[in-house]
Every structure is written in structure tokens, then in C-alpha cells.
Amino acid sequence: MSPDSQPDAARDKLRVLLIDDHTLFRSGLRELLERRGIEVVAAVGDGGEGCRLAADLAPSVVLLDLRMPEIDGLAVLQKLNEQKLGIPVVMLTTSSDERDLVASLRSGAQGYLVKDMEPDQLIESLQEIVSGKTVVAPHMTGVLAKVVKGEEPKFASDARFSELTAREMEILCHLADGSSNKVIARELGITDGTVKLHVRSILRKMQVQSRVEAAVRAVEEGVCRKSQRRSEG
């Protein structure tokens, strides 16, 4: 029987390879996908192992986390591209940063989805991607349109920093230097609780998920340099 004559259900069944360093998230997503009839051929936390399994198992699609230790998602994406497997790769991440989206698409990702999306929307997006479409999180489609047109997107990161108060900028630079809340509180003469409130406000205004991500963004954008407080003080 030729591939074209196979039953639709067998021919169209999604086979997913999941690469994500968070064990609980991997387990939960695997269970979710399998309950909806999607085969998860493997779920691993190591990018190198994921690349090997992609070649061995030939999944329909690879779901790849962006932020991972050792080898980050973009590096794994590059390795998968070098293997020339013809398997679409989808970034599945907590980051809504437009720079990450653009970097992923320009590195060959077929999709860019966020981890807090509805399960049914995730399944629908995967089906569209396997059919050859490029799909991104709904709130980021404007950036996709500019990339497709060859335009250079204007990023919102500068605006995010401009919303921070002087005290929040000071605390952000302490975060970029790797300081704990207790150390920041001691150096600024404020309480741990006040520091926590400022950090929460910083994360909200910068639209990031963690203090580490905020610190990385600050250093990458040149807003704060690591150890600048010691070198300037």
C-alpha cells in the first residue's frame, strides 16, 4: 500500500519530540498530548540527546524550549538544521520577547508558541505547522508579518526599561550583578520585603518571568553592566 492510500488517521497522526529541561513541564505536556491522541516519541531535557533522537525517531515535529542550560534552544535549533532532517521545529517558551521570536524565525524555526497557551490552540498550531505553515503566538503575529516582508521590527525593550523608576533601575542593576534580595536590601538600606515588591514590579514592567531573565535582558541591552556598581563605586 502506498503512503497516499493509507487511512487518514494513520497518515496524519502527529509524532512529537519534546526537548525541555523542566521535568515537571515535560511530564505534564507529554500526558496532555497523549490524551489527545498525539504520540510523543520521546521527551528529554538535554539538547544534544534531542538532536540524536530527532535523527533516529523521525518525529513529525520537534517542540523545543528556548531557555535551557548547557545548550540553549537556538543552539539546538542550529544543530537540528545542520542535520538536514526536514523536520519542522517549534519553539515552545515562556518568553514573549520579540527579539527571541525574530532570532528563532531567522534561525529556521517553523513556529514560536508560548507555554501558557490553551491546549486546543497548541494542538491546532502543531497541525498547521506540520502542514507547512509558520505559526506564532497570536499576540506576536505583527512581528511575524514584518519578518516575512523583510522589514526590521522595532522592539519594545527600550520602552520597558523606560517605565522603570530610578529605584527599580538601581535594583535591576543589582540583579544583573547577581545580588540576592538580602544583599540588595543591606546595600540600599531597605527591607527584604521592599526589595521583593520592587523586583515584582520590575518583572511586570519588563514582561519577563524571572529575575534571571530580567538581569540577562539588562546586560544584553547595555542598561546594566555586570559588576558596574563595584567598578563605579
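The values are calculated or read from the model by the stated rules, or taken from the named source; none is laboratory data. These numbers were taken from a predicted model, which means no experiment stands behind them. For neighbour counting, all protein chains shown are included, and Cβ atoms are generated from backbone atoms with ideal geometry for every residue, glycine included.
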Worksheet item: Can you find even one residue in the stretch 36-49 that is assigned by TED's automatic domain parsing to the domain that holds residue 124, within 19 Å of residue 135 (Cβ to Cβ) and in contact with a Ser or Thr (Cβ under 8 Å, 6 or more places away or on another chain)?
Response: no
Worksheet item: Only one of (1) more than 19 Å from residue 207 (Cβ to Cβ); (2) modelled with pLDDT under 90; (3) surrounded by 17 or more Cβ atoms within 10 Å (Cβ to Cβ) is not met by residue 101, so which one is it?
Response: (1)
Practice prompt. Give 89, 114, 62 a once-over and let me know the one that is surrounded by 15 or more Cβ atoms within 10 Å (Cβ to Cβ), closer than 27 Å to residue 211 by Cβ and β-branched (Val, Ile, Thr).
Written response: 114
Worksheet item: Going through the stretch 191-225 one residue at a time, which ones are assigned to a loop (DSSP other than H, G, I, E, B) and either touching a residue at least 12 places away in the same chain (Cβ under 8 Å) or buried (at least 17 other Cβ atoms within 10 Å of the Cβ) (or both)?
Response: 207, 208, 209, 221, 223, 224, 225
Practice prompt. For the stretch 160-190, name all the residues that are surrounded by fewer than 13 Cβ atoms within 10 Å (Cβ to Cβ) and farther than 27 Å from residue 96 by Cα.
Written response: 182, 189
Worksheet entry | residue 143 vs. criteria assigned to a helix (DSSP H, G or I), surrounded by 17 or more Cβ atoms within 10 Å (Cβ to Cβ) and at pLDDT below 90 | yes
Worksheet entry | Hits in the stretch 76-95 (condition: in a loop (DSSP other than H, G, I, E, B) and in contact with a helix residue (DSSP H, G or I) (Cβ under 7 Å, 6 or more places away or on another chain)) | 83, 85, 87, 88
